[in-house]
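Heads up, the thing below is written out as structure tokens.
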Amino acid sequence: MLVAGKRDGKKFTEEEVKKSKLFIKGETFRIPESSVATNEDGTINIDPSKKPKEMNATTGSGPDKGKTWQGIYELAADKYKVCFALPGKDRPTEFSCKVGSGHLLQVWKREKE
């Protein structure tokens, strides 16, 4: 579940945060509430050997279908933090989301089963 996020420096509303869930299975992802995400579904590719760790998310549907969002990520216990740049832009080098950057910053927490 999403616990916090920003897009281009603007915080997600409490409503957007509450209703956002991320499902990852293998190399695919699904986020039914796409207003806070790169897209509703797609594939992910990670490179944990980089500093910071790198991730690419390629959208599977919608107007950005087939486009890749370059990002960085961090995993710690049950938390997952990610920062993406818009397709075609340079990968972020830090977890920031300043106005005008176009970055998407999200912090997710694993729900207990």
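Based on other C-beta atoms within 10 Å, arrange Leu75, Leu105 from fewest to most. Please report the intermediate quantities before stating the final value.
On the way: Leu75 14, Leu105 23.
Result, fewest neighbours first: Leu75, Leu105.
Looking at His103, Asn39, Pro87, which one has the Cα that reaches farthest to the positive end of the dipole of the chain (charges on Cβ: Lys, Arg +1; Asp, Glu -1)?
So the residue furthest toward the plus end is His103.
Can you compute the charge dipole magnitude of the chain about its Cα centre, using +1 on each Lys and Arg Cβ and -1 on each Asp and Glu Cβ, nothing else charged? Give it in debye, rounded to the nearest 20. Can you show the working numbers first?
Working: 22 positive and 17 negative charges, 43 e Å.
Value, rounded to 20: 200 debye.
Which aspartates and glutamates have a Cα lying under 19 Å from the Cα of Lys53, excluding residues fewer than 8 positions away in the same chain?
Glu27, Glu74, Asp78, Asp90, Glu94
In whole Hz, what ³J(HN,Hα) sequence does the stretch 69-78 give by Karplus (6.51, -1.76, 1.60; θ = phi - 60°), x for Gly and Pro?
Each residue of the stretch 69-78 in turn: 9, 8, x, 10, 9, 8, 10, 8, 6, 9 Hz.
Could you calculate, for the chain, the ratio of the Cα radius of gyration to the Kirkwood radius, expressed as Rg to Rh? Intermediate results must be reported in sequence, preceding the final value.
Working: Rg = 12.9 Å, Rh = 14.0 Å.
Rounded to two decimals, Rg over Rh is 0.92.
Relative contact order for the stretch 2-109 using alpha-carbon pairs under 8 Å, separation at least 6, rounded to a whole percent? Provide the component values of the computation, followed by the final result.
Working: 255 pairs, mean separation 28.4, N = 108.
RCO, the stretch 2-109: 26 percent.
No lab work stands behind these numbers, since they all come straight from the coordinates. In this text, all values refer to a predicted model and were calculated from it rather than measured experimentally. Cβ atoms come from the backbone with ideal geometry, glycine included; neighbour counts cover every protein chain shown.
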